[in-house]
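The values are calculated or read from the model by the stated rules, or taken from the named source; none is laboratory data. In this text, all values refer to a predicted model and were calculated from it rather than measured experimentally. Cβ atoms come from the backbone with ideal geometry, glycine included; neighbour counts cover every protein chain shown. What goes into the accessible areas is simple: the full protein's heavy atoms, side chains included, and nothing from ligands, DNA or RNA. Shrake-Rupley method; radii C 1.70, N 1.55, O 1.52, S 1.80 Å.
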Amino acid sequence: MIRLATTRDLIELKAKYRDKWLTEEDHAITKLRDPTWTLTEDAQWGLKQMGSLFCWDAIATRKPKTLLEVGAGYDLTFGRRMTDDQEFWIADTKGFYPQNLLDEANKVRKARFVDTLVGKFHPELPENYFDIVFSVSALEHSNHDMIPNICKDMFRVTKPGGVSAHSIDVHGCYTEGIAKMWFEAAQAAGFLIAGGFGENRWIISPDRGSSVLSESLSRVFLNYEGRREDPWTDPVIPMGPYGTILLLAEKP
């Protein structure tokens, strides 16, 4: 499956996990970085929350024993929810984040951290090992020419019968083309995706505006342009709106 996230997806997933989803505790590291931060209702309806719920649903449904999160940063969302019988790994590069925040996050999530970017075929990430490889709002930061290697590397480390689940945030104008890149690269790497791209494709159009999940320009303006203390008098024109591609592929 590779398609655009919809508002209905988010409503259904939030309803499914409403009693055990986002809490202030999930954002303990964010509060270390910014003590004034609070979890507001609108913060639970962004693209990252959509991606988190999508990946968590894949985890909750399949009950994997070995998990690899790609590009986790210092996020606690998944690390806090691992059970004692689950082995949780993270592949990311340290230099992108303040080390003190990473150290605090790793005290909570108890993950095995591999300092690498997926697509570099790092030998510390074992072949045919993970029941699920997943990411939330991470893969969009990759150069497009790296997409084939990223998919090959994810295929390499995924166990036969395992899955790769990702939410990929992209600017709405380019999303269909980028979705096709990921679809073709995942299939070329060996993953199985139900249906062809024609069956999975989507188009942003006026008659789908109520169903497509995208963030408003005001949210993009406030949250994605450097978090300025006073964005109204020091503005940056936002690129948005953004959409989220949902990718779910299986290794045969």
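Numbers below:
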quantity: Pair Gln86, His171: separation of 7 Å Cα→Cβ label points (nm); calculated: 3.5 nm
quantity: Whole-number percent relative contact order across the stretch 25-129, with pairs defined as alpha carbons under 8 Å at least 6 apart; calculated: 26 percent
quantity: Over 24 Å between alpha carbons, listed pairs Lys16/Lys107; Lys65/Lys107; Lys31/Lys94; Lys16/Lys110; Lys120/Lys159; calculated: Lys16/Lys107; Lys16/Lys110
quantity: Cα point-scatterer Debye curve for the stretch 73-139, base-10 log of I(q)/I(0) at q = 0.28 Å⁻¹; calculated: -1.56
quantity: Trp56 accessible area, 1.4 Å probe, all protein chains in place, Å² to nearest 10; calculated: 40 Å²
